[in-house]
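For reference, the structure discussed in these notes is given below.
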Amino acid sequence: MLKDFFMVMMGMFFLFIGVLIGMGFLTLLERKVLGYMQIRKGPNKVGFLGILQPLADGLKLFSKENMKPLMSNYMTFYISPMLAFIISMLIWMLIPYYFNFISFNLGLLFFFCCCSMGVYTTMISGWSSNSNYALLGGLRAVAQTISYEVSLSLIMMSSIILIMSFNMMKFSIYQLNMWFMFIMFPLMMCWLSSSMAETNRTPFDFAEGESELVSGFNIEYSSGGFVLIFLAEYSSILFMSMFFTLMYLGGYNLSFFFYLKLCLLSFVFIWVRGTLPRYRYDKLMYLAWKGYLPISLNFLMFFLGVKIFF
């Protein structure tokens, strides 16, 4: 038992390191892609073709002075970025490996619990900074994330009804002959844009609306706190890409092709950032409650009928 526990801990440690490295190079990919989209180079000085840029960024940010706003709520101000990072790392335990990991039967429920907890960290960071801009950014993020989580869970319910389980391994078993992408294409597109809203990415990055909120809920953070918020965001982008591949693009298999699909999905997040302008806030709410909610409910009824009929 002790040896098994040690092996699981080692596996989790390596996963943790792998995700951190992946996040670093995702930032590099983003800066390169955005650079070429705007007909410029992007980072190309540090190391060969700028490959060491994430490392230099990390060192620079961690060595900066840590600022503390005078009127802020000190404890919550410091704890919330750490909490955001821990929660985003915790979700990665759900990768459905065949061996050596915590791949359990109620994985999808655990995913929703962690996603819902992520809202609190944004809210607390915005509130504890004691800055009006940060508070407004936090409030926006909370309203947005709550709105999209409703449709997100209903979209996932359709997939759950098809496989009749909360275990993520079942997705790959049920998609051996046909990917779910082909039988639920509209839902797949809804999930993609909902996951962009969930991770506060363009075109739904209202919590960080630079033009009106001066960077939003993380305005007062510098040095380590900013890095942790940044890492939590990019970790959730990678995880959402992985989850999308799991649900609609053939499930999980330990192959190069799976990771290629994951990278392509991460690239889509960046591509959207480079091409789409920011949405208007009332339009975002309209889309969630009058667009995605009815669509996901109708599809839920449809797939329920299909499952009962067959």
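Derivation of every value follows stated rules applied to the coordinates shown; laboratory data play no part. Being a predicted model, the structure only gives us computed values, none of them experimental. For neighbour counting, all protein chains shown are included, and Cβ atoms are generated from backbone atoms with ideal geometry for every residue, glycine included.
Tabulated values for the structure
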quantity: FRET E, pair TYR74, LEU304, Förster distance 35 Å, beta-carbon r, rounded to 0.05; calculated: 0.10
quantity: Computed over the stretch 191-270, Cα set: Rg, Dmax in Å; calculated: 14.6, 44
quantity: Selected from TYR234, ILE270, TYR248, residue furthest toward positive end of dipole (the stretch 220-310; charges at beta carbon); calculated: TYR248
quantity: Average Cα contact separation per residue, the chain, under 8 Å, 6 or more apart, as relative contact order %; calculated: 24
quantity: Base-10 log of normalised Debye intensity for the stretch 19-63 (one unit scatterer per alpha-carbon) at q = 0.13, 0.16, 0.21, 0.25 Å⁻¹; calculated: -0.27, -0.41, -0.67, -0.89
quantity: For peptides 149-162, 177-190, sequence by mean Cβ density within 10 Å, most packed first; calculated: 149-162, 177-190
quantity: Computed [θ] at 222 nm, helices only, for the chain once each DSSP H run of length n ≥ 4 contributes -39500 (n - 2.57); calculated: -23000 deg cm²/dmol
quantity: The stretch 66-309 - charge dipole about Cα centre, Lys and Arg +1 at Cβ, Asp and Glu -1, debye rounded to 20; calculated: 420
quantity: Compactness of the chain as Cα Rg over 2.2 N^0.38 Å, two decimals; calculated: 1.02
quantity: Principal axis dimensions, the stretch 1-127 - Cα atoms, whole angstrom, descending; calculated: 51, 44, 28
quantity: Out-of-range pairs (alpha-carbon distance over 32 Å; input LYS261/LYS307; LYS41/LYS170; LYS45/LYS261; LYS32/LYS170; LYS3/LYS307); calculated: LYS41/LYS170; LYS32/LYS170; LYS3/LYS307
quantity: Debye log10 I(q)/I(0) at q = 0.21, 0.29 Å⁻¹ for the stretch 138-178, Cα point scatterers; calculated: -0.69, -0.93
quantity: Cα-centre dipole for the stretch 19-63 with unit charges at Cβ (Lys and Arg positive, Asp and Glu negative), debye to 20; calculated: 180
quantity: Over the stretch 42-136, relative contact order from alpha-carbon pairs under 8 Å, at least 6 apart, %; calculated: 28
quantity: Cα long-axis angle, helix 53-62 against the chain (0 to 90 degrees, to the nearest 10); calculated: 60
quantity: Å³ per residue enclosed by the Cα convex hull of the stretch 71-158; calculated: 83
quantity: Sorted peptide list for 58-65, 141-148, criterion being average Cβ within 10 angstrom, highest first; calculated: 141-148, 58-65
quantity: Selection from ILE161, ASN218, LEU187, by position along the positive dipole direction of the stretch 152-232 (Cβ); calculated: ILE161
